[in-house]
Every structure is written in structure tokens, then in C-alpha cells.
1. Label points 7 Å out from Cα along the Cβ direction at PHE171 and TRP154: separation in nm?
2. Summing +1 for each Lys or Arg and -1 for each Asp or Glu, what net charge is found among the other residues whose Cβ lies under 9 Å from the Cβ of LYS137?
3. What list of ³J(HN,Hα) values in whole Hz, one per residue of segment 158-166 in order, does the Karplus curve 6.51 cos²θ - 1.76 cosθ + 1.60 (θ = phi - 60°) give from phi, with Gly and Pro shown as x?
4. Just to confirm a number: summing +1 for Lys and Arg and -1 for Asp and Glu over residues other than ARG185 whose beta-carbon lies under 12 angstrom from that of ARG185, what do you get?
5. Under 12 Å from the Cβ of SER155, count the other residues' Cβ atoms, weight Lys and Arg +1, Asp and Glu -1, and hand me the total.
6. For LEU92 and TRP180, what is the calculated FRET efficiency with R₀ set at 35 Å and r taken between the beta-carbons, to the nearest 0.05?
7. Is the C-alpha gyration tensor of segment 113-195 telling us rounded, prolate or oblate? Criteria: a/c under 1.5 is rounded; beyond that, a/b larger than b/c is prolate, otherwise oblate.
Amino acid sequence: MSEDPNRRQQPPGEQQPYGQPPPQYGQPPQYGQQQQPYGQPPPQYEQSQYGQPPPQYGQQQQYYGQPPQYGQAQLEYVSVGPRFLAILIDGLIIGAVTGILSFPFRDSPGTWGGSIGLIAILYYIVMEATQGATLGKMALGLRVVKVDGSPISWSESIIRNVLRIIDGLFFYLVGAILVWNSPLRQRLGDRAANTVVVRRRG
């Protein structure tokens, strides 16, 4: 009885796994491949990295380099009433300052009268760009921010306050109508600068 050359004797201790074909004669063994024991489920693919918990269902993943969100839904937008009171306070402050500065120009009121409007615009621009609010807004707990809740810069402050000239027509009636018809309570300057007026958090 001749021995089958394809049937090689396995060394002791190395049993062939159940259900796997015997190795072919002359075929090199496969290295780096882990044989799956009988009855064990297949390995799970695309597992999370070592030391990192798996992502929770429904949780939004933050990507590297993506700016943080500022919680727009938590902003409390301010309507016409508090904003009008802030304008009155700012008007009294501007009037007091310009009244003091007008003494050197008391002999030429026409020249000084044109400068009052420029001083008022500069007051709003500088205060909101550096502090986020004028003195009137600070007194009422208001501030100006971008629609995402982040602080405004000089560009937003300039745009919204230059357009204050239009919003302030007819004692701010134009601005009040736009605020009443805006879900974010924005006047024309706010819409152009992409800003909102909100209540300051303590």
C-alpha cells in the first residue's frame, strides 16, 4: 500500500482546525494570518481606536478646525422698548458731552451743529466695537453680538451704525418697524451687519 505524497504528517501539537482543507503539497504556509477557531464569531471591523469610547448615537461630532457654535437658540433678542430706552440714555450722554464741547464754537453754531451728528456716530461705533455696547445698553443689560453669539468687530460696528442714519428717520420709526417684523429683532443696520441685540448674561 503506497503512501499519498500529498498527505504529509503533521507534527504533534499542531492539529488541523475543523472544517479547513489540508495544505497543498509545495504551497508555502500563509504567514501573518490568524486562523479563526471553530465556533468563534468573525472579528468586528471598523472598531473604534484604542482608548477612545465609541461615538454616541445622535451626538454631533466636532471636526478639527471647525469653529465652535455659540448656542444661537439661547440668545434672548431684544425688541423695541428696551432699545429705545437705551437710545434715550445715549442721547442724554451725547447731548451733555457736545454741550460742554460747544463753548468754543458758541459764536458759530452752524459749524458746530454739523459736528454733533458725527460725534454721535463715532460714539456708537467706538463703544460697540470695543465694549460690545454703548453706555445706554450697558445700563439696561444689553449688548450687540453677531447672529451666532460671538462678539462683533469694527467692521460690523461701522456698518450697523452708519445705517443708523436710515433707521433713525422719523424718531426711529423706520428702525422700529423693521425690528417688529424681524424674527431676530433686527433693524436695517443689524441685517446688513449680520448682528443682533441681546440681553447680557450675568
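Read-outs throughout are calculated quantities, based only on the coordinates presented, and are distinct from any laboratory measurement. These figures come from a predicted structure and were not determined experimentally. A quick note on method: Cβ atoms are made from the backbone with ideal geometry, for glycine too, and the neighbour counts reach across all protein chains shown.
1. Distance between label points: 3.7 nm.
2. +1
3. For segment 158-166, the Karplus-derived couplings read 5, 5, 5, 8, 5, 6, 4, 4, 7 Hz, x marking Gly and Pro.
4. So the surrounding residues net to +2.
5. 0
6. That gives a FRET efficiency of 0.90.
7. oblate
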